[in-house]
Amino acid sequence: MSDTNQTRGDSMTKRDYIKFAEVIRVIIKSREPQITPAVRAFITQSIADIFAEDSPRFNREKFYKACEK
């Protein structure tokens, strides 16, 4: 059984990064008391670390800005 990602490659695309940024933006803008600034930063930085490992072209600063829009 072959993995379809093997054929396309395992790297995520810019579209994938944008979708994640949209989700993070919703979390950041939420007014839930348990979502503190420290939690927001941890989520954003942790995901950015994964993306940076995935692609040498990943732009961490652009991602952070997209998360905050």
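Listed by first and then second residue, the pairs with beta-carbon distance under 6 Å, at least 6 apart or on different chains, first residue in region 36-61 and more than 15 Å from residue 14 (Cα to Cα), second not charged (D, E, K, R), are 40/28; 44/24; 44/67. Among the residues here, residue 21 does not qualify as over 25 Å from residue 10 (Cα atoms), open to solvent by less than 50 Å² (accessible area, probe 1.4 Å) and of a type in the set (Gly, Ala, Ser). Any residue at all in region 39-61 that is surrounded by 12 or more Cβ atoms within 10 Å (Cβ to Cβ) and among the aromatic types (Phe, Trp, Tyr)? Yes - at least one qualifying residue is present in region 39-61.
The values are calculated or read from the model by the stated rules, or taken from the named source; none is laboratory data. None of these values were measured; they are calculated from a predicted model. Counting neighbours? That spans all protein chains shown, and the Cβs are built from the backbone with ideal geometry, glycine included. Accessible surface areas use protein heavy atoms only, side chains included; no ligands, DNA or RNA. Shrake-Rupley method; radii C 1.70, N 1.55, O 1.52, S 1.80 Å.
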